[in-house]
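Remarks on the structure that follows.
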Amino acid sequence: MHSYDEPVYLISVVATILEIHPQTLRQYEREGLVEPSRTQGRMRLYSQRDIDKMKLILRLTRQMGVNLAGVDIVLQLKEKMDEMQEEIDGLRNELSKANRNGSVHSSKAIVTKNNYDVIIFEK
């Protein structure tokens with residue numbers, strides 16, 4: 001079994017999996033939306049993470065009507081949110097450790113988990 005980030009799929013296989021033309025994958029690469037790995041012979045190799053990212057791109061463009069510039073913005077925002085969530089999780093872990101060590105008074109030792117929703121308002 002391959003890891004989630006291991007590049008193992010050729011462009012023809014990915015195109016078949018996603019039911020799109022290989023040229024579409026090349027366009028996504030030109031637009032900077034996905035960066036497949038390359039073999040020494042310059043063949044593109046995609047990981048499962050790349051495939052999942054392209055599924056998101058296809059969902060945004062086909063079902064939600066987002067253009068590729070908008071997709072780029074959405075992907076950047078998603079990446080930033082993921083980074084912030086990792087930082088929040090790390091801070092929660094530090095606070096939990098401090099709580100267990102008795103470093104923080106019990107009245108101030110509250111760790112909560114928040115979920116964030118993106119809401120789009122129409123005028």
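Within region 22-48, residues that are closer than 15 Å to residue 61 by Cα have Cβ atoms under 7 Å from residues that are part of a loop (DSSP other than H, G, I, E, B) in these pairs: 28/34, counting only partners at least 6 apart in sequence or on another chain.
Among the residues of region 1-20, just one is in contact with a helix residue (DSSP H, G or I) (Cβ under 7 Å, 6 or more places away or on another chain), exposed (fewer than 13 other Cβ atoms within 10 Å of the Cβ) and either at pLDDT 95 or above or hydrophobic (A, V, I, L, M, F, W, C) (or both), namely 12.
Being at pLDDT 90 or above, within 16 Å of the chain's Cα centre (by Cα), surrounded by 11 or more Cβ atoms within 10 Å (Cβ to Cβ) and acidic (Asp, Glu): is that true of residue 72 here? The answer is yes for residue 72. Just one residue in the set 27, 23 is modelled with pLDDT of 95 or more and more than 21 Å from the chain's Cα centre (by Cα); that residue is 23.
Taken over region 5-49, the criterion of being farther than 23 Å from residue 67 by Cβ and of a type in the set (S, T, N, Q) is satisfied by 12, 16, 37, 39, 40, 47, 48. Of the helices (runs of 4 or more DSSP H) lying entirely inside region 21-100, those containing at least 2 residues that are farther than 17 Å from residue 8 by Cβ and acidic (Asp, Glu) span 68-100.
The values are calculated or read from the model by the stated rules, or taken from the named source; none is laboratory data. All figures in this text were calculated on a predicted structure; none of them were measured in a lab. Positions of Cβ are generated from backbone atoms using ideal geometry, with glycine treated the same way; all protein chains shown enter the neighbour counts.
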